[in-house]
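Report on one structure; see the data block that follows.
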Amino acid sequence: QVQLVESGGGLVQAGGSLRLSCSISGSTNSKYPIGWFRQAPGKEREFVGLVDWSGTYTDYGDSVKGRFTISRDNAKNLVALQMNSLKLEDTAVYFCAAFRGYGNIRTIAAYNYWGQGTQVTVAS
């Protein structure tokens, strides 16, 4: 069993930056890749990116590539999502999730543990 808790959400101006954190507890001996997803009102949950357990491999959704960066500190059981050059369309609830080890990493079905989400609002 793994527990994930997101933090760091808030209100930011367009063009600004925000850093989200995902705190991992529970079965931290398991080497889970961690993904980030987001969900805007009335829309499906969207893949933002993923980092593998070592932190050396990352993958990003097309809409955030070049603006967002995922990193992790396994000593602190933390995964960070650094968001730069934020746009109005980045407004959403952001979730971190543990990859179950198989399946398409860009689909929610490939993740078996989820955090409760943190709201990010980008204002003009």
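The table below lists the values:
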item: Exposure of residue 65 as accessible area (Å², to 10), given a probe of 1.4 Å and all protein chains; result: 110
item: Heavy-atom surface of the chain, accessible at 1.4 Å and reported per residue (Å²); result: 50
item: Estimated inter-spin distance, residue 14 and residue 107, nm [label 7 Å along Cα→Cβ]; result: 3.5
item: Gain in span if fully extended, residue 54 to residue 82, counting 0.36 nm per residue against the direct Cα distance; result: 8.3 nm
item: Chain lengthening between residue 116 and residue 89 when straightened (0.36 nm per residue, less Cα-Cα); result: 7.6 nm
item: Within the stretch 55-97, chymotrypsin sites (Phe, Trp or Tyr not before Pro) in DSSP loop having at most 14 other beta-carbon neighbours inside 10 Å; result: 57
item: Percent accessible area from carbon and sulfur atoms, the chain, protein chains only, probe 1.4 Å; result: 49
item: Ranking by accessible area, most exposed first, for 46, 89 with a 1.4 Å probe; result: 89, 46
item: Largest-first ordering by accessible area, 1.4 Å probe, given options 102, 111; result: 102, 111
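The values are calculated or read from the model by the stated rules, or taken from the named source; none is laboratory data. Owing to the predicted nature of the structure, the values given are computational and were not obtained by experimental measurement. Cβ sites come from the backbone with ideal geometry, for glycine too, and all protein chains shown count toward neighbours. With ligands, DNA and RNA removed, areas are computed over all heavy atoms of the protein, side chains included. Shrake-Rupley method; radii C 1.70, N 1.55, O 1.52, S 1.80 Å.
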